[in-house]
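Read the figures in this text as sums done on the coordinates, not as results from a lab. Bear in mind the structure is a predicted one, so any value in this text is a computation, not a measurement. Cβ: placed from backbone, ideal geometry, glycine included. Neighbour counts: every protein chain shown.
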Amino acid sequence: MPKKKPVAEKVSGSCAGIKKADYCVWGTYPIDKSATNSTKINIAQSVTQTFTSITNSVKTVQVEIESPNIGVLVEATEATDPNAVCLQASIVADNGLPMATMAYTAKNEVGVRQKVTAAVDSALIIGAKYSFTLQKGPACATRDLTTMAASIANYQYPAKYGSLKVDGQKLSWSLWAVID
C-alpha cells in the first residue's frame, strides 16, 4: 500500500465528494486557451491509464467520451456480432492478463458527449498496478473519438503511481475517470 493515498490534489466534476476510489481524476472543461486544467485528447485506437490499487476490488469505471459520429453506446451482449463492437473497456493486471472487459455498440451515428460506466467487477491486490483501457472496436475504427485528461499538475494522478498512454504514446496527463 502506498504510504500516501495516490490521489490528485484537486478534483471537480464526478470526483467531487468521492472519498475512497482506486483512481479518481476529473477536471473542468476548457473555457478558453488561458483558463483550463484539462485537455481534450483524440483517440485513434486506444487510451490506457495505469493506476495503483488502494482497495481489494473494483466494481465500475466511469469515463467520459465525445464524438461527432458515435451515438449513445449500449452494452453488447454475447449475441452481438464482434464486428458491431464500437468500444471496449477493460481492466488489465500489470502482467498483461485481462481481468474484465465490457463491449459496447453504438445505437446510431448522431454524435454525443456521454459518460460510460463499465461494470468491471474484479478482485485487486492492494498496492499492485493495473490498467484501464478504452479501445475502439471494428464498428468505430474510423470514427472520431475524444476523451478528457487533466493537464495541470495539481489535478493529475501522481506519476509514480500510474501513467497515461494514448495510442501507445506516453503523456504526462491523467485520464478523467473514476475507478471505484
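Counting Cα-Cα pairs of region 27-120 in 10 Å increments starting at 0 gives whole-percent bin shares of 13, 40, 33, 13, 1. If you plug the beta carbon distance of Ala141 and Thr39 into 1/(1 + (r/R0)^6) with R0 = 25 Å, you get a FRET efficiency near 0.60. Distance between the modelled labels on Thr117 and Lys59, one decimal in nanometres: 0.9 nm (7 Å Cα→Cβ projection). Within the chain, what is the longest stretch that has no trypsin sites (Lys or Arg not before Pro) placed in a DSSP loop and near at most 11 other beta-carbon atoms within 10 Å? Answer - 34-180. The simple Förster model, with R0 at 35 Å and r as the Cβ-Cβ distance, assigns Ser172 and Asp81 a FRET efficiency of 0.35.
Considering only Glu64, Glu75, Glu109, the mean-square fluctuation computed in a Gaussian network model of the chain, springs between alpha carbons under 10 angstrom, is largest for Glu109. Each DSSP beta bridge with both residues in the chain is either parallel or antiparallel, and the antiparallel ones are about 100%. Summing Cβ point charges (Lys, Arg +1; Asp, Glu -1) relative to the Cα centre of region 28-156 gives a dipole of roughly 260 debye.
Between the residues Asn154, Ser57, Val120, the greatest Cα displacement towards the positive end of the dipole of region 45-176, with unit charges on the Cβ of Lys, Arg, Asp and Glu, is found for Asn154.
Averaging Cα coordinates gives a centre for region 152-180 and one for region 71-113; these two points are 21 Å apart.
Given axes a ≥ b ≥ c from the Cα gyration tensor, I'd like to know whether the chain is rounded (a/c under 1.5), prolate (a/b larger than b/c) or oblate. The shape class here is oblate.
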